[in-house]
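The values are calculated or read from the model by the stated rules, or taken from the named source; none is laboratory data. Small disclaimer: the values here were computed from a predicted structure and weren't measured. Please note: Cβ atoms are built from the backbone with ideal geometry, for glycine as well, and neighbour counts cover all protein chains shown.
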Amino acid sequence: MTPIIHEIATEFLENVLETLKPHEGMKWEETSAKLMKCCKETTARFIRAAAEGLEQKLRNDKAGRKQLGLTIKAREGR
């Protein structure tokens, strides 16, 4: 999962730096809106990556799930 997190963070920083690059007609309202959108999208990607990593760990830990009496139901579309 670490490479995915690293990739998301790198893309986020590149987007922030590109957004903050001075340019003619730069307005704070537009810049802050772009940054907020970027932050929200990146947060969603971080959460999705973490959830997928946890899901995979649970699927792989058959012995641990059996010990706790947990089962995994198949999701639709998988």
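Restrict the check to region 14-35 and report whether at least one residue is closer than 30 Å to Ala74 by Cβ and either in a helix (DSSP H, G or I) or hydroxyl-bearing (Ser, Thr, Tyr) (or both).
no
Taking region 36-78, which residues are not β-branched (Val, Ile, Thr) and not in a helix (DSSP H, G or I)?
Answer for region 36-78, where residues must be not β-branched (Val, Ile, Thr) and not in a helix (DSSP H, G or I): Asp61, Gly69, Leu70, Lys73, Ala74, Arg75, Glu76, Gly77, Arg78.
Pairs only if they're at least six apart or on different chains, beta carbon under 6 angstrom, first in region 12-31 and closer than 14 Å to Thr42 by Cα, second modelled with pLDDT of 90 or more; list them, first residue then second.
Close Cβ pairs (under 6 Å, with a partner that is modelled with pLDDT of 90 or more) amount to Phe12/Thr42; Asn15/Cys38.
So Gly25 clears everything in (1) at positive phi; (2) surrounded by 14 or more Cβ atoms within 10 Å (Cβ to Cβ) except one condition, right? Which one?
(2)
Consider only pairs whose beta carbons are under 8 Å apart and that are at least six residues apart or on different chains; among these, list those whose first residue lies in region 57-71 and is closer than 27 Å to Thr2 by Cα and surrounded by 10 or more Cβ atoms within 10 Å (Cβ to Cβ) and whose second residue is β-branched (Val, Ile, Thr) and at pLDDT below 90.
Correct list of pairs: Leu58/Ile72; Arg59/Ile72; Arg65/Thr71; Arg65/Ile72.
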